[in-house]
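The values are calculated or read from the model by the stated rules, or taken from the named source; none is laboratory data. Predicted model only: the values in this text are computed from it and were never measured. Counting neighbours? That spans all protein chains shown, and the Cβs are built from the backbone with ideal geometry, glycine included.
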Amino acid sequence: MDANLDNVIRIWLSGGWVMIPLVLLAAALYYLAIQVLLYCHKEGPQGKHYQLWAGWVADPTKATGASGAIIRYTQHGVSSSAQIRGRFEEVTEALLVPVEQRLTLVRMMVAAAPLMGLLGTVIGMLFTFDGISKGAGSETASRVAEGISQALVTTQTGLMIALPGIFMVLIIQRRIKLWKSRITRLEGMTLSKYNFPS
């Protein structure tokens, strides 16, 4: 186990100084993505209450959770279908704008990870060419090997950071679509309850 850890540390250090911003980027990316996923899990209309929504729309006092709060807010003191639609737009904006803003930041970080890895690749290749230009000998071979190692480690690290980030982005996008469809469904139920003239 100790030998494996030493090997991992040695490989990580061979990436050079670019590994430090890569690690910081990974920490920020995963922290923000997990924060958004937890927010999406806790907030917004929950799908497990679909069967109860019709009853809750009919009697908002029985409604619970985030779905209940939406139902009560959108029905309290309404006098027209435009008012109901306006309140549902407010709810949609209040729920989705913070998620979409954070999602944009997560996307930017996901895109930056391979680019930062590519920066390490360029630096490693420059180090390799510098070693080649120095001439022959064991020192040259060592410099070339170090440069290639740095080039490959940083590229691999950038990709390893970006790939899980892409999956997190897809999960968050799916949650946003679910929220939109659930809010639209609640809006339709509410409008049909009141049946205001157009």
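Yes or no, residue by residue, for (1) at pLDDT 85 or above; (2) touching a His at 6+ places or on another chain (Cβ under 7 Å); (3) over 30 Å from PHE167 (Cβ atoms):
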{"position": "LYS62", "(1), (2), (3)": "no, no, yes"}
{"position": "MET108", "(1), (2), (3)": "yes, no, no"}
{"position": "VAL144", "(1), (2), (3)": "no, no, yes"}
{"position": "GLN150", "(1), (2), (3)": "no, no, no"}
Answer residue from the range 78-97, given it is part of a loop (DSSP other than H, G, I, E, B) and not β-branched (Val, Ile, Thr) and is modelled with the highest pLDDT among those: SER80
Condition check for GLY44: part of a loop (DSSP other than H, G, I, E, B) and crowded, with 16+ Cβ neighbours inside 10 Å: yes
Subset of the range 13-31 (residues that are aromatic (Phe, Trp, Tyr) and either touching a Ser or Thr at 6+ places or on another chain (Cβ under 8 Å) or surrounded by 14 or more Cβ atoms within 10 Å (Cβ to Cβ) (or both)): TYR30
Residue within the range 148-167 that is under 30 Å from GLU90 (Cα atoms), crowded, with 20+ Cβ neighbours inside 10 Å and of a type outside the set (S, T, N, Q) present: yes
Residue within the range 88-95 that is surrounded by 18 or more Cβ atoms within 10 Å (Cβ to Cβ) and aliphatic (A, V, I, L, M) present: yes
Residue match in the range 1-12 (condition: touching a helix residue (DSSP H, G or I) at 6+ places or on another chain (Cβ under 9 Å), at pLDDT below 75 and under 24 Å from LEU163 (Cβ atoms)): yes
Exclusive hit being modelled with pLDDT under 90 and within 28 Å of the chain's Cα centre (by Cα), set GLY158, GLY120, GLY135: GLY120
